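Only one structure is covered here, and it is reproduced in the block below.
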Amino acid sequence: MIKSSKTNKLSISEPNLIPLLDFMLVLIVMFVLLAGPIKQAVDLPLPEVKSGVAKSIDEKNITISLNAKDDIQINGNHYRSISEIENYLKTNLNDIQEITIAPHKNLEVETLMKLFAISKSLGIKTANIQIEEEK
């Protein structure tokens with residue numbers, strides 16, 4: 001607020017912050033007092049996890065390691081071509097819900113895309129890519 005005095009000098013007075021600070025203090029007190037009852041009033045039920053669920057999901061997940069174009073591994077078994085992988089996936093389709101593909105960093109992208117296309121055509125809904133961290 002600017003006030004003028006009789007001597008034509010302008011003086012600037014500071015704003016009064018006391019009402020603002022009083023209001024903020026009242027708000028803080030209200031939040032602190034209401035935090036406890038609100039926390040107890042909002043009781044969300046948490047889902048229960050059974051111990052056998054994770055194991056059954058892991059059994060339906062397979063990992064396909066792509067080391068080279070002609071060196072593919074599934075559960076320790078070696079395969080030489082994408083068509084062999086397709087035949088394996090077709091025969092075990094009922095046991096597979098999710099696949100994880102672990103490609104070597106020097107593998108051609110075309111091989112990876114073919115594997116994704118095969119999994120999509122077979123109706124496998126989830127396909128993940130496992131990436132190796134560089135050291």
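The values are calculated or read from the model by the stated rules, or taken from the named source; none is laboratory data. Just so it is clear, the structure is predicted and the values come from calculations on it, not from any experiment. Here Cβ is always computed from backbone atoms with ideal geometry, including for glycine, and neighbour counts include all displayed protein chains.
Scanning the range 31-72 for residues that are modelled with pLDDT under 80 and of a type in the set (Asp, Glu) returns Asp43, Glu48, Asp58, Glu59, Asp70. No other residue among Lys105, Lys120, Lys90 is in the same structural domain as Thr63 (by TED's automatic domain parsing), in contact with a Leu (Cβ under 9 Å, 6 or more places away or on another chain) and charged (D, E, K, R) apart from Lys90. Taking the numbered list (1) hydrophobic (A, V, I, L, M, F, W, C); (2) loosely packed, with under 14 Cβ neighbours inside 10 Å; (3) modelled with pLDDT of 85 or more in turn, Ile118 passes all entries but (2).
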